[in-house]
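Taking it in order: structure first as structure tokens, then the write-up.
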Amino acid sequence: MPVFLDPAKNHIEPGFLFNPPHEHAFRLSDSALADTLFKRFGVHEMDFAWWDEPAQTMNLLEVKDYSTAPFVAEHYVNECAQKATDCLLLLASMWYGLPYGPSVSECVPDEWHTRPVAPPRLHLFFVLKEPPSADARATKDPFGMSALEDKVRNRMRGRIELLKLTPATKLFLMNHRIAAGRLLPITTEEDFVREPEPARTKHPRKR
Amino acid sequence: MFTDVHLKNFAAFSDFHWSEHGQINVVVGENDTGKSHLLKVLYAIAKTVEMNAARNAGTSRVDAQIAFTGKLRWTFQPQSLDALITNGETSLRVEALLAGKAYSCAFQRTLPKQGTKRILVTGFSRQPGTNTSAIFLPPKEVLTIFAAIEISRGKYEIYGFDDTYYDLLKLLRVPPTQGDIFPELLTIADGLDEFVGGQIVRKGISDEFLFQRGDQTYTMPQTADGIKKIGILTNLIKNRSLTKGTILFLDEPETNLHPRAISVFTEMLFSLAQAGVQIYLATHSYFVLKKLEILAKRHQMSIPFCSLTRSGEEIEAQFSDMRDGMPENPIIDESLRLYEEGYNVDMQRLGK
């Protein structure tokens, strides 16, 4: 039985809060797999997962806060690729009837038991939290984030193809502001704790 | 339309084989990786085929040999044809499949006291029914330097402006057709005129090129280079030099264009390809690549992609298709390097 996240609560990942869109969101790290596959064999998992019923899509999300740390692109690309690859292998063991498949299927919702063939689809999201000055930089270097996405996508392309997932899989990489605009169920910790501005009251002009 | 190209010991290409061609073909690589050489050798082949097909009389093997080697010479402007042979090699070979017909040229390095160079060409003799035309848009716009090209290349035959410039100039001399233009091509030309808010026309006693916007006219030195670049393309459509079946080569089409104009221009190139023009473009621009990637995915159209890298004296080529996404290339790498650099500069300023 999968361990579902409480939709009434926010779930913390450094720098981010995940707001489960419904009661069928989960974290692979909370499952029984954590003690077996993840710790024993050093398998890495993406942070959050949920099923989008209207879109018939499995969503996997990896968030990373680089707003206060030096950024090394190659390291980040490797990390994204490793986590996504491990997750795909994990799920593929279930889709292709491999020995660990039954254990995996117990830890994910029923909708995830069938290999995505468009539909169902599989979306891999990578969200990077940038420092506050990144917006100004983006106007000078509009392709930095896009180049990062291209790099991760290129790293994953062959692996996705080998697992026969190409037509059903899309990969997106974006910063936290774009992620918020795309209505991904995450907020940054700063946005969450910021007090809402008091509503402005219009005072009638004195005549 | 080219469907296969094989270069053996041609300049920096010791063994280059490109077998998957599409309506749009993209070449990327850092400086000095042979992008322009590749476009130019394809152009020399296609232009020779076009010129030989236009002749009334049959073309002998000697004529064909002179035509192609002459085109190579004036397109590359080397000290001698030997300079086109890879360093350390004794001969080169160029092979291509164009409109289903095979063309090739091979020659050896001239040795001391050897006498006349032996050049072997096949396929370049006159082929009735061949309907190939080629246009090369070089990085510099030609409208402002029309007279300089005419005099240096046309009158005095001085090296400087190669045949990609001179041939373009000859095409631009042709006035707009009074006949019909394929509607889809006319739509493209009109779209480009609309984007720049006017058109490049020939007017006045001296029949000079002018940019006309509303009631105002501007000489070419007064006109922005980007507008001239777009105007060249629309003029070629309007005089029917650029039409269905044309092979269009563009070396760095992004030069002088604002990113917004690059996007519009690239979209128009895509429309030309859809209308039946085969395009080869070499670019350093992420804007061009990103736009083509989006168009390839949206229309599920194959856009073969050739990435050239230099390894010592050797040029290596990697081939992929933009329909499958943005391939690995040095433009991504540099964008990423700049992103990382900017990121960490910001971090230092924040004291982290």
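Readers should treat all values here as calculations from the given coordinates under stated rules, not as data from a laboratory. Remember, predicted model here, so these are calculated numbers, not experimental data. Cβ atoms come from the backbone with ideal geometry, glycine included; neighbour counts cover every protein chain shown.
Using 0.36 nm times the number of residues separating A:PHE4 and A:SER29, minus their current alpha carbon distance, what extension gain do you get?
Full-extension gain reported as 7.9 nm.
Most exposed first by the Cβ proxy, i.e. fewest other Cβ within 10 Å, how do B:LEU269, B:LEU111 rank?
The order, fewest Cβ neighbours first, is B:LEU111, B:LEU269.
Given the peptides A:31-38, B:27-34, arrange them by the average over their residues of other C-beta atoms within 10 Å, most packed first.
B:27-34, A:31-38
I'd like the FRET efficiency for A:GLU106 and A:LYS170, computed as 1/(1 + (r/R0)^6) with the beta carbon distance as r and R0 of 25 Å, rounded to 0.05.
With R0 = 25 Å, the Cβ-Cβ based efficiency is 0.40.
Across peptide B:329-339, how many C-beta atoms of other chains are within 10 Å of each residue C-beta, on average?
Mean partner shielding for this stretch: 6.
Springs between alpha-carbon atoms under 10 Å, Gaussian network over chain A: tell me which of A:HIS113, A:HIS123, A:HIS75 tops the mean-square fluctuations.
Among A:HIS113, A:HIS123, A:HIS75, the largest GNM mean-square fluctuation belongs to A:HIS75.
Which FRET efficiency value, to the nearest 0.05, do you get for A:GLU161 and B:ALA224 by plugging their Cβ-Cβ distance into 1/(1 + (r/R0)^6) with R0 = 56 Å?
After rounding, the FRET efficiency stands at 0.80.
I'm checking a number: the convex hull volume of the Cα atoms of region B:182-298, normalised per residue, in Å³. What is it?
Spread over its residues, the Cα hull of region B:182-298 gives 110 Å³ apiece.
Taking R0 as 45 Å, what's the FRET efficiency between B:ARG93 and B:GLN178 from their Cβ-Cβ distance, rounded to 0.05?
In this case the efficiency is close to 0.50.
How large is the Rg to Rh ratio of the protein assembly as shown when both quantities use alpha carbon positions and Rh follows Kirkwood?
Reported Rg/Rh (Cα atoms, Kirkwood Rh): 1.07.
Using the number of other C-beta atoms within 10 angstrom as an exposure proxy, rank B:SER91, B:SER285 with the fewest first.
Ordered from fewest to most neighbouring Cβ atoms within 10 Å, B:SER91, B:SER285 come out as B:SER91, B:SER285.
Which angle between 0 and 90 degrees, to the nearest 10, do you get for helix A:144-162 versus the longest principal axis of chain A when only C-alpha atoms count?
20 degrees
Report the extension gain between B:GLN300 and B:SER271 in nm, rounded to one decimal, defined as 0.36 nm multiplied by the number of residues separating them, less their alpha carbon distance.
9.1 nm
Could you line up A:CYS87, A:CYS80 from fewest to most neighbouring Cβ atoms inside 10 Å?
Listed from fewest to most nearby Cβ atoms, that is A:CYS87, A:CYS80.
Once the mean 1/r over all distinct Cα pairs of chain B is inverted, what Kirkwood radius in angstroms do you read off?
21.6 Å
Using only Cα atoms, what is the ratio of the radius of gyration of region A:16-193 to 2.2 N^0.38 Å?
1.03
Taking only Cα atoms and a 10 Å spring cutoff, compute GNM fluctuations for chain B and point out the largest among B:THR309, B:THR187, B:THR283.
In this elastic network of chain B, the residue with the biggest mean-square fluctuation among B:THR309, B:THR187, B:THR283 is B:THR187.
Write out the GluC sites (Glu not before Pro) in region B:307-339 meeting two conditions: DSSP loop, and at most 14 other Cβ atoms within 10 Å of their Cβ.
Taking region B:307-339 and a limit of 14 other Cβ atoms within 10 Å, the loop GluC sites (Glu not before Pro) found are B:GLU313.
Between B:ASP190, B:ASP321, B:ASP162, where does the largest GNM mean-square fluctuation fall for chain B, given springs only between Cα atoms within less than 10 Å?
Of the options given, B:ASP190 has the highest mean-square fluctuation.
Determine, at each q value in 0.14, 0.26 (inverse angstroms), the log₁₀ of I(q)/I(0) that the Debye formula gives when each Cα of region B:200-257 is one equal point scatterer.
Calculated log10 I(q)/I(0) at the listed q: -0.45, -1.13.
Tell me whether region B:162-242 comes out rounded, prolate or oblate; compute the Cα gyration tensor, take square roots of the eigenvalues as a ≥ b ≥ c, and use a/c under 1.5 as the rounded threshold.
Note, shape of region B:162-242 comes out rounded.
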